[in-house]
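The values are calculated or read from the model by the stated rules, or taken from the named source; none is laboratory data. No experiment lies behind these values; they were computed from the predicted model shown. As a convention, Cβ positions derive from the backbone with ideal geometry for all residues, glycine included, and neighbour counts pool all protein chains shown.
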Amino acid sequence: MEINLRPIGFVRGGRTEPINDEWDSVTSRIELDTDWLSSEAVMGLNGFSHVEVTFHFHKTDPKSIVTTSRHPQDNKNFPLMGIFAQRVHLRPNLLGTTTCLVLGVEGASIHVRGLDALDGTPVLDIKPCMIDFGPRGNVREPDWVGELMSSYWKKKI
């Protein structure tokens, strides 16, 4: 089975190169493709503090995808983990998801902060963050994740 997706819009502004630090300092906007979507598609979105954005890692070479396991960030100090136990861009379908802050909505553009996608990235979906769709129960993660993520969102201390 093949699934074909059409981008709903594109990331504009922000970073042009993938640097894995301090993403919370990055502001950008998502511009809807108004050839087929109306600006009414984002009506009411400014009432939410955050959105979940699904996007395509369009700059990743499909030959580099991982379908088995690898060390996160290719760091041998981290344990060997299956690709689905990581959030790396080398995923089989080259899909990324990020929760980011909504700074405002202007026409068919959503201004955001903390979207770890590059300028020109195709956006496939946007959903408002709702508390009741968040994790239920206690959330756990392996210890290595804290070290890996120590400067991803914020400045190194």
* Selection from the range 141-157 of residues that are touching a helix residue (DSSP H, G or I) at 6+ places or on another chain (Cβ under 6 Å) and surrounded by 15 or more Cβ atoms within 10 Å (Cβ to Cβ) -> LEU148
* Structure fact -> With criteria (1) under 28 Å from THR67 (Cβ atoms); (2) at pLDDT below 95, GLY82 comes up short on (2)
* To do: Take SER25 and decide whether it is more than 18 Å from ILE126 (Cα to Cα), in contact (Cβ under 8 Å) with a residue 40 or more places away in the chain and among the small types (Gly, Ala, Ser).
  => yes
* To do: Specify the residue that is nearest to THR54 (Cα to Cα); the eligible residues are those in the range 115-140 that are surrounded by fewer than 17 Cβ atoms within 10 Å (Cβ to Cβ) and touching a helix residue (DSSP H, G or I) at 6+ places or on another chain (Cβ under 9 Å).
  => LYS127
* To do: Grab the strands (runs of 3 or more DSSP E) fully contained in the range 1-66, keeping just those with 2 or more residues being farther than 18 Å from ASP119 by Cβ.
  => 50-56
* In the range 79-114, what residues are crowded, with 17+ Cβ neighbours inside 10 Å and basic (Lys, Arg)? -> ARG91
* To do: Specify the residue that is surrounded by the most Cβ atoms within 10 Å (Cβ to Cβ); the eligible residues are those in the range 46-78 that are in contact with a strand residue (DSSP E or B) (Cβ under 8 Å, 6 or more places away or on another chain) and of a type in the set (Phe, Trp, Tyr).
  => PHE55
